[in-house]
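I have placed the structure first, in the form of structure tokens, so that the comments after it can refer back to it.
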Amino acid sequence: MTFKPKAARTEIAAAIPNHPAVRPVLAVATPSRYIRMSELATTPNKPGLMPVSPATAWRWVREGRFPKPFKLGESVTVWDRDAVEAFIAKRSSRGADVDPVQ
């Protein structure tokens, strides 16, 4: 194999479909789209988006009272930010004495 300058390698890569050098990079998780448990629930050291513990949020998911999360990776679980915000808005408009929406 002969050495090719970077410019020549880039031209060759551009000619190969789906080559990593020219393939568009898609954002998998953007801060405005997904939310993780560490941002969602309140812990003793950090306030979250909701004033509930992680255990309460997981219990609500199990009971079907809170939006279900999904996995982005083996150890990355997230919620759709729009679904969480809709849950909070609906909950706050109905009052705290009403069960969370399903």
Report task. Scan the helices (runs of 4 or more DSSP H) fully inside the chain and keep the ones with 2 or more residues being at pLDDT 90 or above and among the small types (Gly, Ala, Ser). Result -> 54-63, 81-94
Query raised in the report: Taking the range 61-83 as the search range and keeping residues that are under 11 Å from the mean Cα position of the chain (by Cα) and of a type in the set (Lys, Arg), which one is surrounded by the most Cβ atoms within 10 Å (Cβ to Cβ)?
Result: Arg81
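The values are calculated or read from the model by the stated rules, or taken from the named source; none is laboratory data. Computed from a predicted structure; not experimentally measured. Ideal geometry is used to build each Cβ from the backbone, glycine not excepted, and the neighbour counts take in all protein chains shown.
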